[in-house]
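Asker: Following this message is one structure expressed as structure tokens.
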Amino acid sequence: MPSAFQFQCHFILIFLAASKGETRYLEVRDAGEDEPFLLLSEDLKRELSAGQVYRRSLRCIDMLSIEGQFTFTADELQLHCATFFIGEPEELIMIDYDFVNIDCKGGDFLKVFDGWILKGEKFPSSLDHPLPTSERYIDFCESGSIQKSIRSSQNVAMIFFRIHQPGNGFTITVKKNTNLFPCNVISQTPSGRFTMVIPHQHRNCSFSIIYPVVIKISDLMLGHLNGLFLKVSLS
């Protein structure tokens, strides 16, 4: 199956599962060959004892919501691969390079993007993200050992890579840091309540949900004027 078509099919699978409310169960079992994504399992998180590191191999197209150490080893030419990471709204994604064996001069690459790219659209958008688009891409072949640890600006990040030679690959460790005041968020779940507070910051923020849901804004406070808070009453 061509990589581009496989990529599209995998995302169709995500949205179909999401529309049925089934995505939260995709990570319950250890990922097998017929399970394309490791996604949103609280059961798996509880099973891991304190200090235990979760490890598994990455697929060419993958999605993860759990901390751990992940390895990709090419078994054939891989031209269009990507892994999507997502945390809770109040978390930031940390990606550490543990081992990288790719041929940068031969056309291989390994890049981290601060956010997600879906169907050509960037999240957060260029208007909402604090960094210019060019600075959101971090290319291992350009930075090398200079930058081995990368932190996202929100609760999602992704890597995309190309590897020509079978046997080459990389190992990364994914951790999560607390973000006290999340600004741009992608929700993991189709239901719940979320409060976004942006103190003393003049910036655009966004809250996105990939599920078909009904959203109700219960309270909205738009800063202050002459020491008085401006509060909007919503019915």
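The values are calculated or read from the model by the stated rules, or taken from the named source; none is laboratory data. Note that the coordinates shown come from a computational prediction; the quantities given were computed from them, not determined experimentally. FYI the Cβ positions are ideal-geometry reconstructions off the backbone, even for glycines, and counts take in every protein chain you see. Just so you know, the surface numbers come from the protein's heavy atoms only, side chains and all, with ligands and any DNA or RNA stripped out. Shrake-Rupley method; radii C 1.70, N 1.55, O 1.52, S 1.80 Å.
Asker: Please go through segment 88-106 and pick out each residue that is open to solvent by less than 70 Å² (accessible area, probe 1.4 Å), assigned to a loop (DSSP other than H, G, I, E, B) and at pLDDT 95 or above.
Answerer: Scanning segment 88-106 gives a single hit, ILE102.
Asker: Determine, yes or no, whether ARG193 is part of a loop (DSSP other than H, G, I, E, B), charged (D, E, K, R) and open to solvent by 10 Å² or more (accessible area, probe 1.4 Å).
Answerer: yes
Asker: Would you please list the contacts, defined by Cβ atoms under 9 Å and residues six or more apart or on different chains, that run from a residue in segment 197-214 that is at positive phi to a residue that is of a type in the set (D, E, K, R)?
Answerer: none
Asker: Could you go through segment 121-134 and let me know if any residue there is in contact with a Lys or Arg (Cβ under 6 Å, 6 or more places away or on another chain) and surrounded by 13 or more Cβ atoms within 10 Å (Cβ to Cβ).
Answerer: No, that holds for no residue.
Asker: Which members of segment 135-148 meet the condition of being modelled with pLDDT under 90 and farther than 21 Å from CYS81 by Cβ?
Answerer: Correct list: SER145, ILE146.
Asker: In addition: Which of the residues spanning segment 178-190 are outside any loop (DSSP other than H, G, I, E, B) and either under 14 Å from the mean Cα position of the chain (by Cα) or among the aliphatic types (A, V, I, L, M) (or both)?
Answerer: ASN184, VAL185, ILE186, SER187
Asker: Scan segment 19-42 and tell me whether some residue there is modelled with pLDDT of 90 or more, charged (D, E, K, R) and surrounded by fewer than 17 Cβ atoms within 10 Å (Cβ to Cβ).
Answerer: No, the conditions are met nowhere in segment 19-42.
Asker: Continuing with this model, one more query. Among (1) at pLDDT 95 or above; (2) in a loop (DSSP other than H, G, I, E, B); (3) surrounded by fewer than 13 Cβ atoms within 10 Å (Cβ to Cβ), there is one condition GLN154 misses while meeting the rest; what is its number?
Answerer: With (1) at pLDDT 95 or above; (2) in a loop (DSSP other than H, G, I, E, B); (3) surrounded by fewer than 13 Cβ atoms within 10 Å (Cβ to Cβ) applied to GLN154, the lone miss is (3).
Asker: Please enumerate the residues belonging to segment 76-118 that are β-branched (Val, Ile, Thr) and farther than 24 Å from LEU131 by Cβ.
Answerer: Selection gives ILE102 alone.
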